[in-house]
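Just below is one structure, and these are the notes that go with it.
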Amino acid sequence: MISKKNINILVFNCGSSSLKYKIFNMPSQEILLYGEAERIGTHGQKSSMINHYIGKKKERIKTILSDHNEAFKKVMVLIKRDGKLNKAINFDIFAHRYVHPGNSFRSTTLVTKPVLKKLRKTLDLAPIHNGISYKMIALCSEKFKKKPQLIVFDSTFHSTIPQEFSTYAIPEKLRKKYNLKKIGFHGISHKYIMQEACRFVEKPVNTQKIISCHLGTGGSSVCAIDKGKSINNSMGFTPLEGLMMNTRCGDLDPGTVFYLMSKENLSIQETEEILNYKSGILGILKFSSDLRDAIEMINKDQKAKMAFDMYSQRVKKYVFFYSLLLQKPDIIVFTDSLGVLVPLLREKICSSLKFMDIEIDKVKNNNYNKGTVEISTPSSQTKIFILPTDEEVMIAREAYKEYTHGNNN
Amino acid sequence: MKKVFKLKSEGLRDSITDFSNWISDFNLHRDNITEFTGTMKNQMKKLEFDKISSDKFGNIVGIIKGYKSQKNISLISHCDIPNQNEKLPGFKTDMVRFKAGIISSLYTGALIKRSLLPLEGDLIVCCVPRFESCEFGIKYLFDSFLRSEIKKIKGIILCEPTDFNVYLGHKGQMEYEIIVKGDINRNFVENKGFNILGTMFPLINELEKLSKTLPTSQTLGKANLKIKDVNYNGYKTAENPSEFKIIAERVFIPEENLQEILNRAKTIAKSVYGQNSNLSINTAVSREKIKISPKVDISLKKEVLPWSMESHNPFVLKTLEVLNENNIKAKTGYWKDILTAGSYTKGILKIPTIGFGAGNENVINSGFESLKIDELIKAICAASLIVNRNIGMPAFGWNDNDI
């Protein structure tokens, strides 16, 4: 490990058809450049492109990106080009987000050959996401042999969830054989929320009890954080458990699954497709999986009202439960697209929490513009914040911490 | 999964179209197999197959590596005898002629690779370019090149026309000869009609009768027999006695035994000519000579075994399941006319084998094969789903959105 110093970190965050990248100077957290390669390997009316930003300068580069390999090469060419024009633009290490390492990794890890081998064995835990991240890590190892790479795991933050919350009540033999337990996700985001909220209130993380509501247009989860440690997360062994999401059903009586399979003569995959891709907001609303569409029609359409009520009530259920676990939270945070951009949702979730001395200030809530803002009333004993998440900077922080100190977590 | 494959297959559309145009225009014959093999290998390299090789017979193998050392799936395609000079009525530039199976297998590998969806075992894409004797190409592939892989193969998908159904076998086909030798023409009186035709006719008549009594398989249909040719040498010397041959094309079902078919033909011939002790009667499977290189010829029996796959095999069930889940209303069926590598892979090697692909076998057999690129892409997506269902890692609870 090296002593603390000024380094640049290139953070990658991949999707099945996208590659987001950001170079951070650390520890200053200054963004040197960032961008996203879009529609990788797809072809349709809209061609693939790279949106590349340095400061306020934006480039929109239409190009063929046949696969992640090509996207990676083209992004690296852009970075190299910018580095020639401005010597400050370079990077010392890579950092990657990795969704689900199972029990194999419990902290941010420097990539070595044995680590890559071990990582390979975790692909089946989240084949879609882990497969893409693994590919990018392997690609960086191959093309930039001398650059250190660090992997930041999305589930690491939840490794502190106590057994009584993470254990499923199914036979021990099966539980152990397949390591079936609550894993919890959005850990990078929830950790960022914890750090930033504590920074905002100027209190150490090990003194604060926080409920972090990561409410996205894709996935959503709520996390209970007790003095710097995650003690519960609404997602489970997979992201299907917990809140109702855009197309995911969230919590459901397992009996309904078997009933449905039996009545409709469904295969495992057909059933999974229903619960994972056709349920949630889409299942109720039918025409859209975006809660904002439901809100637009809330006064005219019964289904839209139903979708909104169901979504917000389920978040509220977890906020109640986690308030009990934490024995009154110090802070509740709303983050990600729905959490930040939909005041009605925050209002609905916080309504009727007054008996727990949690009270939202409707004016502040409705007038939110940007950044971290407190939206609770002065009398509320729990502070309520809107705080946009930033997973990339959190990945950079974790990677920096591990690279310079080697004692993360 | 379907969404990922659909999106990524669109990304491959231009490459599929370009390669289809090249392969449609390539007039494959035995002298340019090396060129064909080289281009196929280059294309596999471009499409980022993990391992690419070819053998002495011109077979090409490309592998998409799995992440665990579990069982593999193999896609097998071959070249049909093309008549590329023929102009097709209604043929358009967005269509592909010939070798659709090769394009389909190649791009199924590419699509699996581009999807970044990890496999537990390897996907082995095999292309057998020799159309003169595909069975030999397949045999060579498995006996030498893939010998060590046989036990690790979970299933084989033959990229043949099935109209998006899942085909599970076909009847066998052989060509045999009944050879009657000896003092055939002693009593010929040409001007009174006592000639070779009169001698042959009773046997032909008996074979015609036999063809009407052949057995039927519940799944594969009826066996049949056709007289393909007759041949008379006309000689009559001590060293070279007179001889005539009746060459029959026999389509047979798994319940029939190849040796018994020959024995029965011999028995019939004996019943016709048995009173003449000067004649010898024999039956044998016809043979053909194949030139595999300028200096090497091989002689092969003209026989292809029947095969059928058990419809309750998990490989078949999973395949049907994934196709139907994705709105490809696939049924099981059997090829009526074409013969496939399944005779060797299932019939001899006992590896679970199915057929899947775009196009109708009757159209392809007619020599007027053409297929829209859209149909080809649909077949590529569907084959990728089949591969993923059988050796992919289940992604329960995860979808392709960000979590």
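Quick check: is even one residue across region A:22-33 under 30 Å from B:Asp14 (Cβ atoms), touching a helix residue (DSSP H, G or I) at 6+ places or on another chain (Cβ under 9 Å) and not small (Gly, Ala, Ser)?
Among the residues of region A:22-33, not one is under 30 Å from B:Asp14 (Cβ atoms), touching a helix residue (DSSP H, G or I) at 6+ places or on another chain (Cβ under 9 Å) and not small (Gly, Ala, Ser), which makes the answer no.
Sort out which residues of region B:235-285 are without any contact (Cβ under 8 Å) to a residue 40 or more places away in the chain and either in a helix (DSSP H, G or I) or small (Gly, Ala, Ser) (or both), and write them in order of number.
Selection gives B:Ala238, B:Gln259, B:Glu260, B:Asn263, B:Thr267, B:Lys270, B:Gly274, B:Ser277.
Looking at region A:199-249, which of its residues are within 12 Å of chain B (Cβ to nearest Cβ), within 20 Å of A:Thr382 (Cα to Cα) and not in a strand (DSSP E or B)?
none
May I ask you to verify whether A:Lys263 is surrounded by fewer than 17 Cβ atoms within 10 Å (Cβ to Cβ), assigned by TED's automatic domain parsing to the domain that holds A:Gly283 and in contact (Cβ under 8 Å) with a residue 12 or more places away in the chain?
Criteria not met by A:Lys263.
Kindly check whether there is at least one residue in region B:95-102 that is in contact with a strand residue (DSSP E or B) (Cβ under 6 Å, 6 or more places away or on another chain), modelled with pLDDT under 85 and surrounded by fewer than 24 Cβ atoms within 10 Å (Cβ to Cβ).
Yes, region B:95-102 contains at least one residue that is in contact with a strand residue (DSSP E or B) (Cβ under 6 Å, 6 or more places away or on another chain), modelled with pLDDT under 85 and surrounded by fewer than 24 Cβ atoms within 10 Å (Cβ to Cβ).
Select the helices (runs of 4 or more DSSP H) contained entirely in region A:255-374, then report the ones holding at least 2 residues which are within 14 Å of chain B (Cβ to nearest Cβ).
It comes to A:268-277, A:280-285, A:336-341.
Name the residues in region B:143-193 that are within 29 Å of B:Ser384 (Cα to Cα), modelled with pLDDT of 90 or more and polar (S, T, N, Q), would you?
Listed by number, the residues that qualify are B:Thr162, B:Asn165.
Check off (1) more than 19 Å from A:Leu150 (Cα to Cα); (2) touching a residue at least 24 places away in the same chain (Cβ under 8 Å) for A:Ile64 and give me the number that stays unchecked.
(2)
Please go through (1) surrounded by 12 or more Cβ atoms within 10 Å (Cβ to Cβ); (2) not small (Gly, Ala, Ser); (3) not in a loop (DSSP other than H, G, I, E, B) for B:Asp297 and return the number of the only condition it doesn't satisfy.
Only one criterion is unmet by B:Asp297, namely (1).
If you check B:Leu28 against the conditions, is it surrounded by 15 or more Cβ atoms within 10 Å (Cβ to Cβ), away from chain A (no Cβ under 14 Å) and modelled with pLDDT under 85?
yes
For the condition in a helix (DSSP H, G or I), touching a Gly at 6+ places or on another chain (Cβ under 7 Å) and within 14 Å of chain A (Cβ to nearest Cβ), what is the one hit in B:Lys8, B:Lys3, B:Lys45?
Selected residue: B:Lys8, the only one of B:Lys8, B:Lys3, B:Lys45 that is in a helix (DSSP H, G or I), touching a Gly at 6+ places or on another chain (Cβ under 7 Å) and within 14 Å of chain A (Cβ to nearest Cβ).
Going by the structure shown, is A:Lys191 in a loop (DSSP other than H, G, I, E, B) and more than 14 Å from every other protein chain (Cβ to nearest Cβ)?
When the stated conditions are applied, A:Lys191 does not pass them.
Looking at B:Ile150, B:Ile112, which one is out of contact with any Cys (no Cβ under 9 Å at 6 or more places or on another chain), assigned by TED's automatic domain parsing to the domain that holds B:Gly357, closer than 22 Å to B:Glu310 by Cβ and in a helix (DSSP H, G or I)?
B:Ile150 is the lone residue from the list that is out of contact with any Cys (no Cβ under 9 Å at 6 or more places or on another chain), assigned by TED's automatic domain parsing to the domain that holds B:Gly357, closer than 22 Å to B:Glu310 by Cβ and in a helix (DSSP H, G or I).
Of all residues in region B:31-64, which are at positive phi and either surrounded by fewer than 18 Cβ atoms within 10 Å (Cβ to Cβ) or not assigned by TED's automatic domain parsing to the domain that holds B:Lys139 (or both)?
Result: B:Glu48, single match.
With respect to the numbered conditions (1) in contact with a helix residue (DSSP H, G or I) (Cβ under 7 Å, 6 or more places away or on another chain); (2) closer than 26 Å to B:Ile153 by Cα; (3) within 14 Å of another protein chain (Cβ to nearest Cβ); (4) crowded, with 19+ Cβ neighbours inside 10 Å, which one is the sole condition not fulfilled by B:Ile391?
Every condition holds for B:Ile391 apart from (1).
Among (1) out of contact with any strand residue (DSSP E or B) (no Cβ under 7 Å at 6 or more places or on another chain); (2) outside any loop (DSSP other than H, G, I, E, B); (3) away from chain A (no Cβ under 14 Å); (4) at pLDDT 90 or above, there is one condition B:Asn362 misses while meeting the rest; what is its number?
(4)
Taking the residues in region A:102-131 that are more than 8 Å from chain B (Cβ to nearest Cβ) and of a type in the set (Val, Ile, Thr) as candidates, determine which candidate is nearest to A:Gly15 (Cα to Cα).
A:Thr122
Can you tell me which residue is surrounded by the most Cβ atoms within 10 Å (Cβ to Cβ) among those in region A:66-101 that are within 14 Å of chain B (Cβ to nearest Cβ) and touching an Asp or Glu at 6+ places or on another chain (Cβ under 8 Å)?
A:Tyr98
Quick check, is A:Leu19 within 14 Å of another protein chain (Cβ to nearest Cβ) and either of a type in the set (A, V, I, L, M, F, W, C) or under 20 Å from A:His129 (Cα atoms) (or both)?
So A:Leu19 fits the description; yes.
Would you call A:Asp390 within 30 Å of A:Lys22 (Cα to Cα), surrounded by 15 or more Cβ atoms within 10 Å (Cβ to Cβ) and not polar (S, T, N, Q)?
yes
If only one of B:Ile138, B:Ile157 is assigned to a strand (DSSP E or B), under 23 Å from B:Met44 (Cα atoms), β-branched (Val, Ile, Thr) and away from every other protein chain (no Cβ under 14 Å), which one is it?
After ruling out the rest, the residue left standing is B:Ile157.
The values are calculated or read from the model by the stated rules, or taken from the named source; none is laboratory data. Being a predicted model, the structure only gives us computed values, none of them experimental. FYI the Cβ positions are ideal-geometry reconstructions off the backbone, even for glycines, and counts take in every protein chain you see.
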